[in-house]
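Asks: I have a structure here, written as structure tokens, and I will follow up with some questions on it.
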């Protein structure tokens, strides 16, 4: 055995060599970015359940996939997925090719690509959500609708910045403040932007307690923030059972493209409320949700390969995402103010900002701001109505964009 | 009026379907129309859902009201028994208490802790608050 030749072979195949040749410096930057994301997730607790997985997926892909290098041992192959999406390639829409030639993260990513993980996450969200405050006060749905303003403004802004219709739709949905919906829509319309959009969506969701309060203070008066709302009526068990069935029938008939998300959301909620499937409800809320979160986080992180992620588009997406979040909050607050005036001061406009989904973070922010203005103010349950309405609203917005651009 | 509305909807549909057919090269005015139309669709969907929820809510409220009326009528028919029961219920209340609190899946100790936290946050003495029920939200 020629030791020098073996050493040379090992060196040529190692990631260390790839890091310092060609475009390897981009991987170095992405390794640094993944460490920053890990810090934010672990130390600052920014949506840690997903961000830690996304960050580590980002680290893994940038340690193993180098453009121009040997990609045989890579965990995720951008080129395979490019072939998958190329109508002129023999591997077009061939999951078989992915299974045959892909790495571990390629195989896990199939669940994202097929829209399985986001839908299963929605099932868990449905099983964890009490729609009672929304059923007790159906007006909350208006706030959930109003808070989708950022989605469409960011969509328009993205077109102005030169993105295609599909890309703009995927960027706009960040304003829905709903991670699974953003991932679901992006994998269908602009999969090459998935990493940047998922990271922007989850980071901004974690930053809601910092993003929303200044806008809330700017758009509402001290007197409005002090408004105490009357206790909502008690919702019967039968109403809670009927609700998911009605919503599923109505929304899916209106926009069939929302079927995977709304269908799973409402099925999860029906399991929770019907009272005869407690085992299933418990599994979906805990075990299944955790398993899917593991797969979703790591496989979304894998899409942040340096050659794709490090581009001016990523910066534009981050700016547009923040704009979308801010304007969604503005939309909810403005309609909240209108409802406050029309109700003769019975509705606290702060609950409007909870119309961006981000359950239950946005509702908590409304509660905190309301209590700062008046310590006797308890807005949490009132804000939960718009909050869960926002989940349905963002799914409808995604369904519309999917129907138009698919 | 209806004809004009139909025409407007047809025009919007035309613009959005054009937008759909050329997703790669969407012009700014087309994007504007698509954005406004999309926002309107979200509102339309949720407003219709709101109406449906109001209708089902009204049905259940009237059903509850009927059940309550029937219960009251039954009580009036047998007034002696509740009259005797009422003082017994009052006797169970602790001094200064505003009434009983219903606990759903919440142990007594946790309920006491929650009530203390709420009173502290509201900066109101605990004996001035009336807790109706405490339920664990899973």
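Asks: Keeping to the stretch B:41-56, report how many residues are more than 7 Å from chain A (Cβ to nearest Cβ) and crowded, with 16+ Cβ neighbours inside 10 Å.
Replies: Final tally of qualifying residues: 0.
Asks: Does the stretch B:94-130 hold any residues that are surrounded by 13 or more Cβ atoms within 10 Å (Cβ to Cβ), modelled with pLDDT of 85 or more and closer than 23 Å to residue A:374 by Cα, and which are they?
Replies: Listed by number, the residues that qualify are B:114, B:115, B:118.
Asks: Quick one: would you say residue A:396 is touching a residue at least 60 places away in the same chain (Cβ under 8 Å) and over 20 Å from the mean Cα position of the chain (by Cα)?
Replies: Details: touching a residue at least 60 places away in the same chain (Cβ under 8 Å): yes; over 20 Å from the mean Cα position of the chain (by Cα): no.
No; evaluated as a whole, the condition is false for this residue.
Asks: Would you confirm whether or not the stretch A:170-185 contains a residue that is crowded, with 24+ Cβ neighbours inside 10 Å and not in a helix (DSSP H, G or I)?
Replies: Yes: the stretch A:170-185 contains one or more residues that are crowded, with 24+ Cβ neighbours inside 10 Å and not in a helix (DSSP H, G or I).
Asks: Is there a residue in the stretch A:261-273 that is in a helix (DSSP H, G or I), out of contact with any helix residue (DSSP H, G or I) (no Cβ under 7 Å at 6 or more places or on another chain) and away from chain B (no Cβ under 13 Å)?
Replies: Initial filter on the stretch A:261-273 (in a helix (DSSP H, G or I)): A:261-273.
So of that shortlist, the ones also out of contact with any helix residue (DSSP H, G or I) (no Cβ under 7 Å at 6 or more places or on another chain) come out as none.
Checking the stretch A:261-273: not a single residue is in a helix (DSSP H, G or I), out of contact with any helix residue (DSSP H, G or I) (no Cβ under 7 Å at 6 or more places or on another chain) and away from chain B (no Cβ under 13 Å).
Asks: For the stretch A:387-406, what are the residues that are surrounded by fewer than 24 Cβ atoms within 10 Å (Cβ to Cβ), part of a helix (DSSP H, G or I) and more than 7 Å from chain B (Cβ to nearest Cβ)?
Replies: A:402, A:403, listed by residue number.
Asks: Answer yes or no as to whether residue A:159 is surrounded by 24 or more Cβ atoms within 10 Å (Cβ to Cβ) and either closer than 19 Å to residue A:308 by Cα or more than 10 Å from chain B (Cβ to nearest Cβ) (or both). Break it down into steps so the answer makes sense when it comes.
Replies: Details: surrounded by 24 or more Cβ atoms within 10 Å (Cβ to Cβ): yes; either closer than 19 Å to residue A:308 by Cα or more than 10 Å from chain B (Cβ to nearest Cβ) (or both): no.
In short, no.
Asks: Another question, then. Assuming residue A:347 fulfils every condition listed in (1) more than 11 Å from chain B (Cβ to nearest Cβ); (2) within 23 Å of residue A:179 (Cα to Cα) apart from one, which condition is it?
Replies: (2)
Asks: Tell me which residues, restricted to the stretch A:99-112, are assigned to a helix (DSSP H, G or I) and surrounded by 21 or more Cβ atoms within 10 Å (Cβ to Cβ). Before you say what the answer is, go through the steps one by one.
Replies: Initial filter on the stretch A:99-112 (assigned to a helix (DSSP H, G or I)): A:99-101, A:104-112.
If the condition is that a residue be assigned to a helix (DSSP H, G or I) and surrounded by 21 or more Cβ atoms within 10 Å (Cβ to Cβ), then A:105, A:106, A:108, A:109, A:112 are the ones that fit.
Asks: Can you pull out the residues in the stretch A:294-308 that are assigned to a helix (DSSP H, G or I) and buried (at least 18 other Cβ atoms within 10 Å of the Cβ)? Working first, answer last.
Replies: Residues of the stretch A:294-308 assigned to a helix (DSSP H, G or I): A:294-301, A:306-308.
Answer for the stretch A:294-308, where residues must be assigned to a helix (DSSP H, G or I) and buried (at least 18 other Cβ atoms within 10 Å of the Cβ): A:295, A:296, A:297, A:298, A:299, A:300, A:301, A:306, A:308.
Asks: Residue check: is residue A:363 assigned to a helix (DSSP H, G or I) and either assigned by TED's automatic domain parsing to the domain that holds residue A:108 or under 17 Å from residue A:150 (Cα atoms) (or both)? Write out each step before concluding.
Replies: Numbers: assigned to a helix (DSSP H, G or I): yes; either assigned by TED's automatic domain parsing to the domain that holds residue A:108 or under 17 Å from residue A:150 (Cα atoms) (or both): no.
Criteria not met by residue A:363.
Asks: Taking only the stretch A:130-156 into account, find how many residues are over 17 Å from the mean Cα position of the chain (by Cα) and either more than 7 Å from every other protein chain (Cβ to nearest Cβ) or within 21 Å of residue B:40 (Cβ to Cβ) (or both).
Replies: Residues flagged as over 17 Å from the mean Cα position of the chain (by Cα) and either more than 7 Å from every other protein chain (Cβ to nearest Cβ) or within 21 Å of residue B:40 (Cβ to Cβ) (or both) within the stretch A:130-156 amount to 16.
Asks: OK, next. Considering each residue of the stretch A:274-288, count those that are within 19 Å of the chain's Cα centre (by Cα) and either on the phi > 0 side of the Ramachandran plot or away from every other protein chain (no Cβ under 13 Å) (or both), and give that number.
Replies: 1
Asks: While we're on this one: Spot the failing condition for residue A:231; the list is (1) in a loop (DSSP other than H, G, I, E, B); (2) surrounded by 18 or more Cβ atoms within 10 Å (Cβ to Cβ); (3) within 14 Å of chain B (Cβ to nearest Cβ), and only one is missed.
Replies: (2)
Asks: Which residues, taken from the stretch A:186-204, are within 10 Å of the chain's Cα centre (by Cα) and either surrounded by fewer than 24 Cβ atoms within 10 Å (Cβ to Cβ) or farther than 25 Å from residue A:36 by Cα (or both)?
Replies: Across the stretch A:186-204, the qualifying residues are A:200, A:203.
The values are calculated or read from the model by the stated rules, or taken from the named source; none is laboratory data. Everything numeric in this text was worked out from a predicted model, so none of it was measured. Note: ideal-geometry Cβ built from the backbone for every residue, glycine included; neighbour counts use all protein chains shown.
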